[in-house]
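The values are calculated or read from the model by the stated rules, or taken from the named source; none is laboratory data. No experiment lies behind these values; they were computed from the predicted model shown. Ideal geometry is used to build each Cβ from the backbone, glycine not excepted, and the neighbour counts take in all protein chains shown.
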Amino acid sequence: MRSKLRPGSGNRATSVSAVGDSVSNGDGGGSSGSWTAATFDDLAGDAYAAVRLLQARPDIDPRRVGLHGMSQGGWIAPLVAKRAPDIAFIIAESAPAMTPVEHERLRVPYQLAADGVAPELIAHAVAFMDQKFEVARTGEGWDALEAAMVRGAREGWLSYVNPPPSLENLRWNWEHILTYDPAPALEALTCPILVLYGGLDTIVPARIHRDRMQAALEHARTRDVTIKVFDQANHAFLQAVTGGRRESPALKGFVSGYLGTHVAWLSERL
């Protein structure tokens, strides 16, 4: 899971710039280390440094600097806001509202079903996820997990389950990533937040994550909370049919109203 935390990218950057805000892109951390070995706190530290850099520029109003977190960036942005309580806003898109363990186990059957995989093979993949997380937690059972990965490759679902390259890598992720609880950072938020979901998102299923996000933000210090679902959007807010991986290369553009929502929401607050 690669972090995407940025005020905008591509057309997203255009929508943010349309209300007069500077855009600084960061992808997976700007430090000298590898983002693949970065904890959420490491990534939040990189983003915090970018925030302070922008706020220090004489051509930027420091009161108008905010955060745009996409997918995993939805976990990171609230952590940055805890370090920078003067941040102006957060836009969180396709943002998971549960631990990475819960998120990953939920993701797999949704993605496989959207791509038309047979129910019995989906059951095998879900069982693998449970097995993988038990090995991650205990450090035991690696040989059996490797055998299950061979089966997954043969049955065609291995690429959906994030197969670990080694026991050491799996254990590191358990200790530093997979058990992260986003609730405390969400509940500590003091700035306005806009949360967007795609109704056809099979990576972060909106029906479940929206409710979890709403429940967490009901306890937040901020009262300026907006959550919106675009019914026909996938994880990247492209107009979709199934939300599955297999259709992604053929999709053409953002769902209607997606960019305009950014502009309208920001214009009312900045």
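Restricting attention to segment 125-146, does a residue exist that is under 14 Å from Pro109 (Cα atoms), in contact (Cβ under 8 Å) with a residue 40 or more places away in the chain and under 25 Å from the mean Cα position of the chain (by Cα)? It would help to see each step written out before you state the result.
The first filter runs over segment 125-146 and keeps only residues under 14 Å from Pro109 (Cα atoms), leaving 125-130.
Of the ones still in play, those that are also in contact (Cβ under 8 Å) with a residue 40 or more places away in the chain are none.
Within segment 125-146, not a single residue is under 14 Å from Pro109 (Cα atoms), in contact (Cβ under 8 Å) with a residue 40 or more places away in the chain and under 25 Å from the mean Cα position of the chain (by Cα).
If you take the residues of segment 218-254 that are farther than 20 Å from Val117 by Cβ and crowded, with 22+ Cβ neighbours inside 10 Å, which of them is nearest to the chain's Cα centre (by Cα)?
The residue in question is Phe237.
Check Val241, Val204 and return the single one that is in the same structural domain as Ile76 (by TED's automatic domain parsing), among the β-branched types (Val, Ile, Thr), over 20 Å from Ile76 (Cα atoms) and assigned to a loop (DSSP other than H, G, I, E, B). Write out each step before concluding.
Details: Val204 fails: over 20 Å from Ile76 (Cα atoms).
Among Val241, Val204, only Val241 is in the same structural domain as Ile76 (by TED's automatic domain parsing), among the β-branched types (Val, Ile, Thr), over 20 Å from Ile76 (Cα atoms) and assigned to a loop (DSSP other than H, G, I, E, B).
For segment 219-268, enumerate the residues that are under 21 Å from Gly69 (Cβ atoms), touching a residue at least 60 places away in the same chain (Cβ under 8 Å) and in contact with a helix residue (DSSP H, G or I) (Cβ under 6 Å, 6 or more places away or on another chain).
Within segment 219-268, Phe237, Gly243, Leu259, His262, Val263 meet the criteria.
Could you tell me whether Ala97 is among the hydrophobic types (A, V, I, L, M, F, W, C), under 23 Å from the mean Cα position of the chain (by Cα) and either under 19 Å from Val225 (Cβ atoms) or buried (at least 22 other Cβ atoms within 10 Å of the Cβ) (or both)?
Working: among the hydrophobic types (A, V, I, L, M, F, W, C): yes; under 23 Å from the mean Cα position of the chain (by Cα): yes; either under 19 Å from Val225 (Cβ atoms) or buried (at least 22 other Cβ atoms within 10 Å of the Cβ) (or both): yes.
Criteria met by Ala97.
Could you grab me the full set of residues in segment 132-179 that are among the polar types (S, T, N, Q) and surrounded by fewer than 16 Cβ atoms within 10 Å (Cβ to Cβ)? Can you show your working first?
The first filter runs over segment 132-179 and keeps only residues among the polar types (S, T, N, Q), leaving 138, 159, 162, 166, 169, 173, 179.
Thr138, Ser159, Asn162, Ser166, Asn169, Thr179 - these are the residues of segment 132-179 that are among the polar types (S, T, N, Q) and surrounded by fewer than 16 Cβ atoms within 10 Å (Cβ to Cβ).
For a quick check of your reading of the model, give me the residue pairs whose first member lies in segment 156-174 and is more than 16 Å from His103 (Cβ to Cβ) and in the same structural domain as Glu140 (by TED's automatic domain parsing), whose second is at pLDDT 95 or above and assigned to a loop (DSSP other than H, G, I, E, B), with beta-carbon atoms closer than 8 Å and at least 6 apart or on different chains.
Taking only residues 6 or more apart or on different chains, the pairs are Gly156/Val117; Trp157/Val117; Leu167/Gly139; Leu170/Pro164; Arg171/Gly139.
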